[in-house]
1. Hey, does region 569-583 have a residue that's under 43 Å from the mean Cα position of the chain (by Cα) and over 30 Å from Leu656 (Cβ atoms)?
2. In region 401-416, what residues are surrounded by fewer than 17 Cβ atoms within 10 Å (Cβ to Cβ), touching a residue at least 24 places away in the same chain (Cβ under 8 Å) and more than 21 Å from Leu330 (Cα to Cα)?
3. Just checking, does region 659-681 include any residue being small (Gly, Ala, Ser) and surrounded by 23 or more Cβ atoms within 10 Å (Cβ to Cβ)?
4. Tell me, yes or no, whether region 48-64 has at least one residue that is among the hydroxyl-bearing types (Ser, Thr, Tyr) and more than 38 Å from the chain's Cα centre (by Cα).
5. Could you pull out every one of the helices (runs of 4 or more DSSP H) wholly within region 154-244 that has 1 or more residues that are within 21 Å of Ala270 (Cα to Cα) and among the aromatic types (Phe, Trp, Tyr)?
6. Give the residues of region 372-394 that are in contact (Cβ under 8 Å) with a residue 40 or more places away in the chain and in contact with a helix residue (DSSP H, G or I) (Cβ under 7 Å, 6 or more places away or on another chain), sorted by residue number.
7. Which residues, taken from region 644-696, are outside any loop (DSSP other than H, G, I, E, B), of a type in the set (A, V, I, L, M, F, W, C) and out of contact with any Leu (no Cβ under 9 Å at 6 or more places or on another chain)?
Amino acid sequence: MSIEAFFSPRAVAVIGASTNPGKLGYAVVQNLVEGGYLADDRKVYPINPGAEEILGLKVYASVQEAPNPIDLAVIVIPVGIVPEALRACGEKGIRSVIIITAGFRESGREGLEREKDILEIAREYKINIVGPNCLGVIDTVTPMNASFSAGSPPSGPMAFMSQSGALGTAILDWAMAGELGLSQFVSLGNKADVDETALLRAWEDDPSSNVILIYTEGLPDGQEFIRVAREVSKKKPIIALKSGITQAGARAVSSHTGSLAGSEQAYQAAFRQAGVIRADSLQDMFDYGLAFGYLPPLKGDRIAIVTNAGGPGILATDALERAGLTLAQLENECVRDLEAFLPDAASAANPVDVLGDARSDRYRKSIERVLADPNVDALLVILTPQANTDIKNVAEVVVDLARGSDIPIIGCWMGEARAKEGSEYLKANNIPNYSFPERAAMVLKAMSTYRSYKNEPLPVFEKLDVNKDQARKAFDKVLADGRFSLGDYESREILEAYGLPYPDAKLATNPEEAADIAAEMGFPIVLKIASPDILHKTDVGGVKVGLSSAADVRDAYDLITYRAQRYAPEARLWGCMVQKMAPSGLEILIGMNRDPQFGPLVTFGLGGIFVEVLKDVSFRVAPFSRREAEQMIYEIRTRALLDGVRGNPPADKEVLIDAILRIGQLVTDFPEITELDINPFIIYEKGQGGMAIDMRLVLNPDKQARS
């Protein structure tokens, strides 16, 4: 998809241009004219069969009558005639169209059908569409304002895309107030065609954009987004704000993993894997955008603080530590130099406290010396407006020193009335400034997170040796029987096919057979009900563990089948599975719930109370690399148990990593698997391996991969 014409067209047609200042068609033409687009011999062609001139521009009755060539059309006409106008654009050879008009998918079933109609026309003529139901597109570099916004934003290094037009108007208003400098702005609207992924590609190598900001309400093709964002974020940071996460993932699930996984977990995992910095609020997005847009990259996590107040310095120290950053250890020579000119009551150790009576000259000497220390990766300058503080002069010092520094310098001018003059000066000179040290710490954390991701190699997806055909036959057999779930007995074929270890087990159809199998295996034994209709065996009393004799096995068989018949009278009973009781070890949960936008969301965590009560789990969207599988293990809060505590040996983490990778490959190979649980997977000490004790799957045949 080539969408460059949305940002730097040589000629723009406005279909629905109006002579009425109260109409959107007038606002679009006005923005193009007053925004400077007509310079350098660029052309605007208003289209309206009932007008002759708009804002000094000749009006054409149809797009066919306008001169050639036209690179971009903006459609702002009643919804019923949009298809006709779009077809006219195609016949004119216009390949990029912004549809501002609303009344499509967002308006209900009829609107959805209208949106399908315009997409068919677009495909027929190879037209790319932004919208419909959008605010428009702005490029401050060209410059071009093809929107109905109330004015044009100042130019800057941030490219912004928004699914919400109303939020977009607020963003632009903030920008026009000097809070943001934008290179491009795109209101995506319904995303019928051009979406977040297409814009990431367009802005990947755009020299005017240092950072990409995204506000999204949903990513229908999450796998493609991850793939593209993973590559783009290696070149420039991507910051995303996702709304609508609290209930969007709620749906009926039958697996334990399904109750843990949801939209929030899927987005969190996907953004992490793609190197996208997650913003939790608009304020976070702006804070991060300013830092990534204007500051040099962070080279390490050692932060220095220069402050004129001890309390804010301590607050900043606490916030940095909570963010996982460290205070820079200043060299002895640096400390001695600071002590030589600072007052006796000042602190030359980090945080450097220059005291409340410090004026700009003391700030300058302190900042210069701290910046020269090789142990400093970033500097936070804090100012509180005390009686002797020459606030603007200190801001001028920071701006002056930042110009020649490859170390990020962040301001924290605390206060409002008296601090404002200095804050405004920092803003005007592109020095990110935050009112509270906690906000500055979160910005530095975001910069550190991005540095870590950028330094990681792109993931390599292994293809493990598995028997996919065996698994396919097992699934086909279940589906041919009209069933959509596999319990522990049938799942063993899948475990075997994908190289996952499991304890010895056989099916018995009567008590005597069960006792004979148990004697052959050796005690102790576990007995489980085998039924295609009973997935949760413990719910019906269908499991007995620790059976130590043939008599115990026979009695347990009778009891288990009795309970199953009583609590699930309609269930088909195959008998009982006789399983060699596994030695005790650390219980693990490995599962998968298929997210509607990102696909297979794999879950890992310790079993038992750790998952039931603490919900201590980590997530990744499959496919993922061995490195990412290893990261899953170390992200849980109870990871110390895997390393061995209180005399217990460390667990065989390599076996866990391998099991997670095999499950990731299984659920990628078979998109019809909608839910999966291995609970528990028992892991033993290092070198002793582990085994899947119980597994169940839920299938959706409509999701099978098509060859």
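1. yes
2. Listed by number, the list holds a single entry, Gly415.
3. Checked against the condition, which is being small (Gly, Ala, Ser) and surrounded by 23 or more Cβ atoms within 10 Å (Cβ to Cβ), region 659-681 yields at least one hit.
4. Checked against the condition, which is being among the hydroxyl-bearing types (Ser, Thr, Tyr) and more than 38 Å from the chain's Cα centre (by Cα), region 48-64 yields at least one hit.
5. 196-203, 222-232
6. Asp373, Val376, Ala378, Leu379, Leu380, Val381, Ile382, Leu383, Thr384
7. If the condition is that a residue be outside any loop (DSSP other than H, G, I, E, B), of a type in the set (A, V, I, L, M, F, W, C) and out of contact with any Leu (no Cβ under 9 Å at 6 or more places or on another chain), then Val655, Ile657, Ile660 are the ones that fit.
A quick yes/no check of all residues on (1) assigned to a strand (DSSP E or B); (2) within 30 Å of Asp702 (Cβ to Cβ); (3) of a type outside the set (Asp, Glu); (4) at pLDDT below 95:
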| site | (1), (2), (3), (4) |
| --- | --- |
| Asp539 | no, yes, no, yes |
| Leu559 | no, no, yes, no |
| Leu614 | no, no, yes, yes |
| Gln631 | no, no, yes, no |
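The values are calculated or read from the model by the stated rules, or taken from the named source; none is laboratory data. Quantities reported herein were computed from a predicted structural model and do not represent experimental measurements. Heads up, the Cβs are rebuilt from the backbone with ideal geometry, glycines too, and the neighbour counts pull from every protein chain shown.
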